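Q: I am attaching a structure below and will ask some questions about it afterwards.
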Amino acid sequence: MNIQDVKNVTVAGGGTQGSQIASQIAYKGFHVTVWVRSEASIERAKPRFASIYGQYIDTLEAMKTDPKAYCRGLADKSDLTPEEVDQLLEQAKERLHDIQFETDFDKAFGNADVVVECINENKAEKEAFYSELAKHLPERTLLLTDSSTMLPSMFMDATGRPEKFLTLHFANQIWRNNLTELMKTDKTSQESFELADQFARAIGMLPMRLNKEQPGYILNTLLIPWLKAAMGLYANGVSDPETIDMTWQLATGADPTQTPFRKMDKIGLALCRNIMGMDPSAKDPNSTLGKSVALLDKYIAEGKTGIAVGEGFYKYTSYDK
């Protein structure tokens, strides 16, 4: 299958990442179906999609007058005329409203050219999902996982198509941070690897190719220790998020939005908590990581889960999102 043959894409999961990925794929002109487990899941997903739609529209409107608002995933160049931005606005309004929701496996996956799996980071759930999915996919379908913590080789046999299965891992706010990490197993065919690369480019992403499996991929191998260190300083009472962020900003020259606590707000505190909680030392409530996870749990319980809801460690306006 060539990239020109890819028309129908199904995203499995409508959570934080699934809603972003589905919206971006639809924005770039593919027919998108989102599979979720129940009608109740559809209702829970709809506000996330509405929030992302608003962010696309607000950002594109801002791009008419503010060069700093430019997002690489939304446009191929930064020097757009207002008329060109208006065309993109119409594209967003039309295409993001065409996303379909399904709970039935055959209807969701029976005609999919590409599937992107974004369900919970739970090994047993993923294995059960892949085993069922294998009964419904056409032979041609390329199967991708956005798993941020698990290696594709853990699931390749359960998929029933290991040669057509690999990781396509997205960053957060993918319309701004438009990179994906492509990681194959030793059973992934080169044809599938190249098609995944082409698909990533077709949806406005820049694919970073990994030559071998690596826990944490490239991005998280670099990112997670940095975030753990920042949380440790806060959890141990050394300093507060604002002071820690300011220290990083002034010492490194980093953009104010690229400091550790603002980065965690963008990623989402629930995902940060899940990743940090996977470390065995987090089970000790007296360890630095155990205290960090407990602190993240407190924010999450208060509904302060990050920029997507308007508040995490900081408060945000709709434009900030």
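Q: Restricting the first residue to the stretch 139-156 and requiring it to be of a type in the set (Asp, Glu), which pairs with a second residue that is assigned to a strand (DSSP E or B) meet a Cβ separation below 8 Å and a spacing of at least six or different chains?
A: If the second residue must be assigned to a strand (DSSP E or B), the pairs left are Asp146/Val116; Asp146/Glu117; Asp146/Thr167; Asp146/Leu168; Asp146/His169; Asp146/Phe170.
Q: While we're here: Do any helices (runs of 4 or more DSSP H) entirely within the stretch 27-115 hold 3 or more residues that are without any contact (Cβ under 8 Å) to a residue 12 or more places away in the chain, and if so, which? Show your work before the answer.
A: On the way: elements: 39-63, 82-96, 105-109.
Correct list: 39-63, 82-96.
Q: What's the number of the only condition in (1) under 24 Å from the mean Cα position of the chain (by Cα); (2) surrounded by fewer than 19 Cβ atoms within 10 Å (Cβ to Cβ); (3) without any contact (Cβ under 8 Å) to a residue 60 or more places away in the chain that Ser287 fails to meet?
A: That leaves (1) as the condition not met.
Q: Among Lys135, Lys164, Lys123, Lys77, which is the only one that is assigned by TED's automatic domain parsing to the domain that holds Ile203, over 18 Å from Gln24 (Cα atoms) and modelled with pLDDT under 95?
A: Answer to the selection: Lys123.
Q: Out of (1) in the same structural domain as Lys28 (by TED's automatic domain parsing); (2) touching a Ser or Thr at 6+ places or on another chain (Cβ under 7 Å); (3) under 30 Å from Asp265 (Cβ atoms), the odd one out for Thr185 is which?
A: (3) is the only condition that Thr185 fails.
Q: When the residues of the stretch 28-69 are narrowed to those that are among the basic types (Lys, Arg) and under 30 Å from Glu84 (Cα atoms), which ends up surrounded by the fewest Cβ atoms within 10 Å (Cβ to Cβ)?
A: Checked the stretch 28-69; the qualifying residue surrounded by the fewest Cβ atoms within 10 Å (Cβ to Cβ) is Lys68.
Q: Anything in the stretch 227-260 that is within 30 Å of Thr188 (Cβ to Cβ) and of a type outside the set (A, V, I, L, M)? List them, or say none.
A: Here is the first cut: in the stretch 227-260, the residues within 30 Å of Thr188 (Cβ to Cβ) are 227.
Once the filter is applied, which keeps residues that are within 30 Å of Thr188 (Cβ to Cβ) and of a type outside the set (A, V, I, L, M), the stretch 227-260 yields nothing.
Q: Name every residue in the stretch 282-307 that is among the hydroxyl-bearing types (Ser, Thr, Tyr) and either modelled with pLDDT under 95 or closer than 29 Å to Arg176 by Cβ (or both), in order of residue number. Steps first, answer last, please.
A: The initial filter retains those residues of the stretch 282-307 that are among the hydroxyl-bearing types (Ser, Thr, Tyr), namely 287-288, 292, 299, 305.
Selection gives Ser292, Tyr299, Thr305.
The values are calculated or read from the model by the stated rules, or taken from the named source; none is laboratory data. Everything numeric in this text was worked out from a predicted model, so none of it was measured. A quick note on method: Cβ atoms are made from the backbone with ideal geometry, for glycine too, and the neighbour counts reach across all protein chains shown.
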